[in-house]
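Below is one structure; the comments refer to it alone.
The values are calculated or read from the model by the stated rules, or taken from the named source; none is laboratory data. Here the structure is a predicted model, which means the values were calculated and not measured. FYI the Cβ positions are ideal-geometry reconstructions off the backbone, even for glycines, and counts take in every protein chain you see. In case anyone asks, the SASA skips ligands and DNA or RNA and just uses the protein heavy atoms, side chains included. Shrake-Rupley method; radii C 1.70, N 1.55, O 1.52, S 1.80 Å.
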Amino acid sequence: MADPSSYRPEPGQIPDSPGVYKFRDEHRRVIYVGKAKSLRQRLASYFQDIAGLHPRTATMVTTAASVEWTVVSTEVEALQLEYSWIKEFDPRFNVKYRDDKSYPSLAVTLNEEYPRVQVMRGPKKKGVRYFGPYGHAWAIRETVDLMLRVFPVRTCSAGVFKRSAQIGRPCLLGYIGKCSAPCVGKVTPEEHRELAEDFCDFMAGRTGAYLSRLEKEMHIAAEDMEYEKAARLRDDIGALRRAMEKNAVVLADATDADLIAVAEDELEAAVQIFHVRGGRVRGQRGWVTDKVEAVDTAGLVEHALQQLYGEEKGEAVPKEVLVPALPEDTSALSQWLAERRGSQVSLRIPQRGDKKALMETVHRNALQSLALHKTKRASDLTTRSRALEEIAEALDLDSAPLRIECFDISHLQGDDVVASMVVFEDGLARKSEYRRFQIKTFEGQDDVRSMHEVVSRRFRRYLQEKLRTGEWDPEEGEDAAGSVPEDDGRPKRFAYPPQLVVVDGGQPQVAAAKRALEELGIDDVAVCGLAKRLEEVWLPGEDDPVVLPRTSEGLYLLQRVRDEAHRFAIQYQRNKRGKRLKSGPLDEVPGLGESRKQALIKHFGSVKKLRQATIDQICEVPGIGRKTAETVAAALAQAVPAGPAVNTATGEIIEDETPAPAGASSERGTEQ
């Protein structure tokens, strides 16, 4: 359970403007997304006394490990961005629809004779025009209620429509002018469809011409002294304008574009990108970089475009890319983007209108990102340095351990025994250096032997790298971990030694790790263990543990390292267990690949029927020769079939017709 004060932003860091914020847990998963009219006031409410918070809110802030935010121009933009992120991240502490996995959309069923306007969820249907998604169904109904005054399209269900046609009387909406009542023939199917298409055009953003036409008709009616008609048109215009305000987050004409903004100073630059698809902000990304070369804004834009689209193709490259400054060779860059997309791409600076306004929003986010980065960099560097110094002082090290490696063992009652190695450099996780091990030398549960094996294997690989580079000459009889691989120019997995090895456990595990290092002749790597029960730090050969204060930054860093190793080991162990449980008898057949396994199961229907088949019958399967058929038959004959399934309610034996699933593929980064 985290202390919210450990990640609370300083009040001056948080902008006093509308925006959307995300809480993340220690594994960087988004656990809550919210919106606020004032980010400063809203986020401050989460960091008050926990006793005064709602229990669910208190649980959320103690589960979270960090908070971040995105600034927008209006509350409407914040609303839409919040919905997009909730749909994307599925945060555990957000209220979610339990009956469907999608947010409601406004749909017009143009595939029907009399199109209907309604709220729809779920997969999209052919012939239906969709607008949204919206956060709540009531938001759609409010918009529709305003629009029906001008576009009286049918909204009733098929049953109500049929009933009204039978009795010859429209429903209440038909009497109050919010439905053109096609059910009783007040309008023809063609006229009603035209109303529905006008409704769609207005919702799609083509609003200017229609409003101008209504205003012109209103002025003409007033000049002709048809004041009731003019008042009705005035009210219609007001209703449409209110409906437009509810949909103000969209760009006109369902624009697909990426907007890139840059904020910079003499040393660093922050790049922010908003991805707009279908006229709505669908995503955001950004990064901060050191200006290690003399580069201007145009150069930063060019680097950003390369990083964004270097691996992208097709629709991942939008039709428009809006930037704050054009690179020097704009034509060549535009052509490169067009080749990646497969069609023309417009690379330009927005000059006016909604796109320029949205670009200003993106730029504000870039400025905020750069300012926050500078503040965090100073504070985080200080905190991490203090933590490393505390560890060095507590463990009596010569210098701060800039590289820490932690090992953990995981198993389930002695089965699927695995180990993990995580790496922290300068107090930060270096996930590209994480490694996983399978225990090879014995079977069963023995954490001490497992720890000795894993540490030995890791440092044998380190000595192997030193031998390859000529930095180490092993003494006679000392194991150098086998043959030396040729240098292929790639970074080696275990080329860098840590200053500190941390093991998850107490005295026995620490002694095993120390013994492994001594056997290899390594005496310049410190070892310690962190026991879970009392968070005690154990050193080799010491009878009493080192007890760090609970508020110590050094202890907090060791806990983070230990917990990360534990998480990584459990994840691998579960994957291995799942793979083992999913494996079937066909997985043991040598030379039988996935395609031919699927072909056998498809042909016979189940492993049981395949086991009963003759070799000649197996040979009938496409791609299966006689030798392979004999191998399959022999393997299935040796495999012991599982016991029959029994219906516990009736006692009936259930025939096994279930195909055996194929085994999972091996994972990257595993030391076999």
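Restricting to the range 33-68, and then to whatever is under 17 Å from VAL20 (Cβ atoms) and assigned to a loop (DSSP other than H, G, I, E, B), can you tell me which residue is most open to solvent (accessible area, probe 1.4 Å)?
Result: LYS37.
Is it the case that ALA204 is small (Gly, Ala, Ser) and at pLDDT below 85?
Details: small (Gly, Ala, Ser): yes; at pLDDT below 85: yes.
Against the criterion (small (Gly, Ala, Ser) and at pLDDT below 85), ALA204 qualifies.
Within the range 149-163, how many residues turn out to be farther than 25 Å from ALA231 by Cβ and either crowded, with 20+ Cβ neighbours inside 10 Å or not polar (S, T, N, Q) (or both)?
So the count comes out to 8.
Could you list, in sequence order, the residues of the range 585-597 that are part of a helix (DSSP H, G or I) and more than 17 Å from CYS619 (Cβ to Cβ)?
Hits for the range 585-597 are PRO585, ASP587, GLU588, GLU594.
Every residue, every condition in (1) under 28 Å from the mean Cα position of the chain (by Cα); (2) of a type in the set (A, V, I, L, M); (3) in a strand (DSSP E or B); (4) on the phi > 0 side of the Ramachandran plot, yes or no:
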residue: VAL362; (1), (2), (3), (4): yes, yes, no, no
residue: ALA371; (1), (2), (3), (4): yes, yes, no, no
residue: ALA400; (1), (2), (3), (4): no, yes, no, no
residue: GLU405; (1), (2), (3), (4): yes, no, yes, no
residue: ARG460; (1), (2), (3), (4): no, no, no, no
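Which residue is farthest from THR255 (Cα to Cα), if the candidates are limited to the range 308-324 and must be touching a residue at least 40 places away in the same chain (Cβ under 8 Å) and not in a helix (DSSP H, G or I)?
In this case the residue turns out to be PRO324.
Can you find, within the range 269-292, the residue that is nearest to the chain's Cα centre (by Cα) among those that are aliphatic (A, V, I, L, M) and modelled with pLDDT under 70? Steps first, please.
Quick first cut of the range 269-292, residues aliphatic (A, V, I, L, M) only: 269-271, 273, 276, 281, 288, 292.
Still in the list and also modelled with pLDDT under 70: 281, 292.
Numbers: VAL281: 17, VAL292: 30 Å.
Within the range 269-292, the match that is nearest to the chain's Cα centre (by Cα) is VAL281.
Take the conditions in contact (Cβ under 8 Å) with a residue 24 or more places away in the chain and assigned to a helix (DSSP H, G or I) and apply them to GLN573. Does it pass?
So GLN573 passes the test.
Condition first: surrounded by 14 or more Cβ atoms within 10 Å (Cβ to Cβ) and under 22 Å from ARG560 (Cβ atoms). Now tell me which residues in the range 9-28 satisfy that.
At the first step, the residues of the range 9-28 found to be surrounded by 14 or more Cβ atoms within 10 Å (Cβ to Cβ) are 9, 13-15, 17-26.
Residues satisfying the conditions are PRO9, LYS22, PHE23, ARG24, ASP25, GLU26.
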